[in-house]
1. Filter region A:231-253 down to the residues that are within 26 Å of residue A:138 (Cβ to Cβ) and assigned to a helix (DSSP H, G or I) and list them by number.
2. In region A:6-19, what residues are buried (at least 24 other Cβ atoms within 10 Å of the Cβ) and in a loop (DSSP other than H, G, I, E, B)?
3. What are the residues in region A:280-291 that are surrounded by 20 or more Cβ atoms within 10 Å (Cβ to Cβ) and farther than 14 Å from residue A:337 by Cα, if any?
4. When you go through (1) surrounded by 23 or more Cβ atoms within 10 Å (Cβ to Cβ); (2) in contact (Cβ under 8 Å) with a residue 12 or more places away in the chain; (3) within 21 Å of residue A:46 (Cα to Cα) one by one for residue B:331, which number turns out not to apply?
5. Return the residues of region A:20-49 that are within 14 Å of chain B (Cβ to nearest Cβ) and either farther than 30 Å from residue A:197 by Cβ or surrounded by fewer than 24 Cβ atoms within 10 Å (Cβ to Cβ) (or both); say none if nothing qualifies.
6. Residue A:327 is checked against (1) within 31 Å of the chain's Cα centre (by Cα); (2) within 27 Å of residue A:288 (Cα to Cα); (3) more than 10 Å from chain B (Cβ to nearest Cβ) and fails just one. What number does that condition carry?
7. So residue A:206 ticks every box in (1) more than 14 Å from chain B (Cβ to nearest Cβ); (2) surrounded by 24 or more Cβ atoms within 10 Å (Cβ to Cβ); (3) within 30 Å of residue B:301 (Cβ to Cβ); (4) at pLDDT 90 or above but one. Which box is left unticked?
8. Of the conditions (1) within 9 Å of another protein chain (Cβ to nearest Cβ); (2) out of contact with any helix residue (DSSP H, G or I) (no Cβ under 6 Å at 6 or more places or on another chain); (3) in a strand (DSSP E or B), residue B:345 satisfies every one except a single condition; which number is it?
């Protein structure tokens, strides 16, 4: 699994750990801790689902302070739909972590992933906290990336380093995805650590913008989970001039953060459940941005389109059909569709049987773009989607058992 | 296949035929004709997709007259996204049928189903018209039911007979479904013949209401096709007092029509692509009807819920999660969920591990109800949905090839 972890995967002033606490039935790692040696600015984005897991409720509240020191994450149990007990359990774990690390419990952020409706195995988790804290190390991020996985087949990790306001800063991120992936905000668990010095207002703003162009642009199955959480800690260890909103340093930092998030988002979609293809749906020349978005979503989420991607079948009719029922007022007889550079639809009709072969060749690739030109205006939208395979059904029909 | 056809499947004054014209690559039947020996009232409902197939555009226009005599239907080719040529082809076929039957071409209604983007094999079809017309018979509806099938595994046919305004009237219907089934209007091809005497206004009204409670209540994959068409012809041969809107006779007729459509809708969803389960999603005590509808749709269309149905996994967390992202302002901590009579969620939390076994027993049945009680008001909505199986992916990954 180490081939998926960037070399020198660490951030000055941060320690991390990941181990197998026994939350999962398997012996896989299932508990991770991220820790900043000094107080850090913090920001987060959370699921828009009306059903929010206990750790989401707790972290959302705590991150409002704009600061944080530690993030405790478990896989194997979502602590969602667990009522007051779920909240108490989260608070209790926070206190344990805080006392071990000698920090304020309100600076502990939480995230969970796994089956909905099960309560946390508290005893098992508490027993592991001493060894979790003891194993904290500057090299521990790779273990943490492993410990947050559920049906992911590989850990998702990304790193960027560049100069901002006169100093080299590092941003490292880990993510877990696979199912319940939909472009309605933080569609999974993502944790970013940076040594940049940045105001919490600027951090919040950069995060919000970065998510918009990355994790809000991917879809695997259109489901939005109860536990989606994206947290960032910035501890200032780089010693750069403190980044403030609307400055050149802010713009530079924002680009770095966006690049990091986009890299993680693409890894996430490529490792979606049963995924064999990653397809970018690009809608161009819509009259309005929401119109472009509607078309992109309908195409990206259509089971018939996604099974055709899996079958490598250049069945453009299903794509045009999905655009037609998207709710956007498209003019069917104006639409052009391209598979990469191969035009398959011209003005709402097949562009000719000679396109079949090159179009099929594009679909045999692991990654390609389906572009719809609506010829209605100047707005655009894109989404990364995936195919729907036998394995998607297999994984999800048997996930819990 | 005859076991799926009701006994004495015919309607006075109507002839029908179905044969293999060679539109499909296989030797299956692919061309059907329905014909009223006398002028008939006609009404129709059509796809809401912005991309409408040529036969939809033609039939929608013609049925506005409130009358019709013949319906020509082919499978194997949707005649969708075929531009002006699609329209010309439809008009040409109408003229051929009309001259063979010695009726007005404007009284010929058309419907097509099959792959989008292919033009009709006109020569092949025209060559079959003489034998199609020659084989018209009062017994021919069963053949027509076979000829309109695509990935359906069985023909869908239903019949009701009852007294209306002093006479026995017959309603017979045939349908084809399987994929691109979504509750946004006439989600497939459905043809109903009746010998009732009814004004075209009353017929239109009864049809609209009947569809609302039947075909608008089923979903297989959330896709709305380009070709959805539901047509009804009423030729008055029963000799009943002519049915007018807002009379007892109208209400009686409406109930019969609704029963017929619901029977066809249920057969359609049960024969959806790769379906092994038919699940009724019932949402109760919503504050508003649209709110109930939103929740029902989100649950019914969630791939994660549908794969859990396939896996017979009582994973209620996915159901609650889908309700949460439906867009309806539900209160998660008030929701109760039942699998038939087994309560699995109480106030947003698991109702106890002892419910696991009886809940799983319910899910092993071929048909059951998932009921969500929102505890917010007095409105309700239901939908029939299906599981998502390996075969759904298999059928749709390879459908066109």
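1. Going through region A:231-253, the residues within 26 Å of residue A:138 (Cβ to Cβ) turn out to be A:231-243, A:249, A:252-253.
Across region A:231-253, the qualifying residues are A:249, A:252, A:253.
2. A:11
3. A:291 - this is the single residue of region A:280-291 that is surrounded by 20 or more Cβ atoms within 10 Å (Cβ to Cβ) and farther than 14 Å from residue A:337 by Cα.
4. Of the numbered conditions (1) surrounded by 23 or more Cβ atoms within 10 Å (Cβ to Cβ); (2) in contact (Cβ under 8 Å) with a residue 12 or more places away in the chain; (3) within 21 Å of residue A:46 (Cα to Cα), the odd one out for residue B:331 is (1).
5. Going through region A:20-49, the residues within 14 Å of chain B (Cβ to nearest Cβ) turn out to be A:46-49.
Selection gives A:46, A:48, A:49.
6. Result: residue A:327 passes all but (3).
7. Answer for residue A:206: the failing condition is (3).
8. Failing condition for residue B:345: (2).
The values are calculated or read from the model by the stated rules, or taken from the named source; none is laboratory data. This is a predicted model, so every value here is computed, not measured. FYI the Cβ positions are ideal-geometry reconstructions off the backbone, even for glycines, and counts take in every protein chain you see.
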